[in-house]
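Quick note: the coordinates plus some simple rules give every number you see, no bench work behind them. Predicted model only: the values in this text are computed from it and were never measured. Here the Cβ positions follow ideal geometry from the backbone for every residue, glycine too, while neighbour counts run over all protein chains shown.
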Amino acid sequence: MGKLIITEFMTLDGVVESPELWSLDFWSDEMAQFKMKELESASALLLGRKTYEGFAEAWPQRSGDPYSDKFNAMPKHVVASGVPDLSWNNSRLVEPQFHEAVKHLKENEPGDLVVHGSITLARELIRTALVDEICLLIYPVIRGEGAKLFDGSLQLTLDCNSVTTFGNGVIAGVYASKPTS
């Protein structure tokens, strides 16, 4: 049984929307190693519809390196209403009433279940106490506008498991959910 991990790219002012507009200039070998380590413990992805569609457009063309090959091969569980195009390798639909399905996945996946992006899904997973860990890569950028993971509707206390500072000014904070008493 693995953990359910949310992993997000975030600006200093909390924006997680459209990281492709502000994160790419900061990418480094250090960060690639960090993300590879995160992926190594994962056995499946849990994605919202928009993130899945963006990934399904970009990732299948990538191959020949350990990250791309694993990312493309691993199971992808997609939370969506309706039936999206699930043609990306190993993709499965999880119905919109997904809470029990996610509990089942957490209990039965041999490794971690990782949520990339998927802001609405991530908020709901946090709200319903299904998240074990949150990994935030915080970029030295202020966007001013854009969707935020922590939008004022969530309240929680976390334990800081680790902090990594990369040479480009990006900080990775890994936080564990505290058990409710």
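Per residue of the chain, the DSSP helices (runs of n ≥ 4 H) give a summed -39500 (n - 2.57) that works out to -8000 deg cm²/dmol at 222 nm. Over the stretch 37-99, the alpha carbon radius of gyration divided by the compact-protein estimate 2.2 N^0.38 Å works out to 1.10. Using the Cβ-Cβ distance between K37 and T120 with R0 set to 22 Å, the FRET efficiency from 1/(1 + (r/R0)^6) comes to roughly 0.20.
Residues with beta-carbon under 15 Å from that of W59, excluding W59: net charge, scoring Lys, Arg +1 and Asp, Glu -1? Numbers along the way, then the final one.
On the way: positive: K35, K50, R62, K70, K76; negative: E20, E53, E57, D65, D69, D85.
With Lys, Arg at +1 and Asp, Glu at -1, the net is -1.
Report note on the peptides 152-164, 12-24: ranked by the mean count of other C-beta atoms within 10 Å, highest first, their order is 12-24, 152-164. Sites listed here are trypsin sites (Lys or Arg not before Pro) in the stretch 28-121 whose DSSP assignment is loop and whose Cβ has at most 13 other Cβ atoms within 10 Å: R62.
Net charge in the neighbourhood of G2 (other residues with Cβ under 14 Å of its Cβ; Lys, Arg +1, Asp, Glu -1) is -4. Under the convention that each Lys and Arg Cβ holds +1 and each Asp and Glu Cβ holds -1, the size of the dipole of the chain around its Cα centre is about 320 debye.
Residue-normalised convex hull volume from the C-alpha trace of the stretch 4-177: 118 Å³ per residue. Just need the relative contact order of the chain here, percent rounded to a whole number, with Cα pairs under 8 Å and 6+ apart. So the answer I get is 35 percent. The slack in the chain from E145 to S68, taken as 0.36 nm per residue of separation less the alpha-carbon distance, amounts to 24.6 nm.
Would you be so kind as to identify which of N168, A73, P110 lies farthest towards the positive end of the dipole of the chain, taking Lys and Arg as +1 and Asp and Glu as -1 on Cβ and the Cα centre as origin? So the residue we want is P110. Computed from point charges on the beta carbon alone (+1 for Lys and Arg, -1 for Asp and Glu), the dipole magnitude for the stretch 71-177 about its Cα centre is near 200 Debye.
In a DSSP loop and with at most 16 other Cβ atoms within 10 Å, the GluC sites (Glu not before Pro) in the stretch 79-181 are E145. Out of all DSSP beta bridges in the chain, what portion is antiparallel? Express it as a percent rounded to 5. That works out to approximately 40 percent antiparallel.
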